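Student: Starting off with a structure, shown below.
The values are calculated or read from the model by the stated rules, or taken from the named source; none is laboratory data. Just so it is clear, the model here is predicted, and its values are computed rather than measured. For the accessible areas, the whole protein counts, side chains as well, though only heavy atoms, and no ligand, DNA or RNA atoms are used. Shrake-Rupley method; radii C 1.70, N 1.55, O 1.52, S 1.80 Å.
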Amino acid sequence: QVQLAQSGGGLVQAGDSLRLSCAASGLTFNTNVMAWFRQAPGKEREFVAAIRWGDVGTTYYADSVKGRFTISRDNAKTTVYLQMNSLKPEDTAVYYCARSVRVLSVRESNYDYWGQGAQVTVSS
């Protein structure tokens, strides 16, 4: 059983920065990809960023966050981070980390374990 425990989030002003963390525990040896998704009020959950869990650590971003957000991991491969810079009001959402044993994908259905979610609110 894999557990993903999120921390971070909060209320910030436009232009500010925030970092989310997601600590993975349990049977994580077959993890291939870790990703972040978000869900804004009244909208469907959408892909934000992903990182391959292998040695290379290839990253992939949604166009809406490219150049502003950075996904990374710690050397022990137990925690994934989402550094969010130059935040905009449209970034307001509940952010979720997720784990996949499959190829890197933007599809929710590829991910089998999810964090509890963290609210990020950006005021204008």
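Student: Stick to Cα atoms and the Kirkwood definition of Rh, then tell me Rg/Rh for the stretch 3-103.
Tutor: Radius of gyration over Kirkwood radius for the stretch 3-103 works out to 0.95.
Student: Of the heavy-atom accessible surface of the stretch 16-89 (probe 1.4 angstrom), what whole percent is carbon and sulfur?
Tutor: Carbon plus sulfur share of accessible area: 46 percent.
Student: Convert each backbone phi in the stretch 24-40 into a coupling constant with the Karplus relation 6.51 cos²θ - 1.76 cosθ + 1.60 (shift: θ = phi - 60°), then list the ³J(HN,Hα) values in order as whole Hz, x for Gly and Pro.
Tutor: Residue by residue, the stretch 24-40 yields 9, 9, x, 7, 9, 5, 9, 5, 10, 9, 10, 9, 10, 10, 8, 9, 8 Hz.
Student: Contact order normalised by length for the stretch 28-101, with contacts defined as Cα pairs under 8 Å and 6 or more residues apart; what percent is it?
Tutor: This gives 39 percent for the stretch 28-101.
Student: At a 1.4 Å probe radius, which order do PHE29, PHE47 fall into by accessible area, largest first?
Tutor: Numbers: PHE29 170, PHE47 20 Å².
Correct descending sequence by accessible area is PHE29, PHE47.
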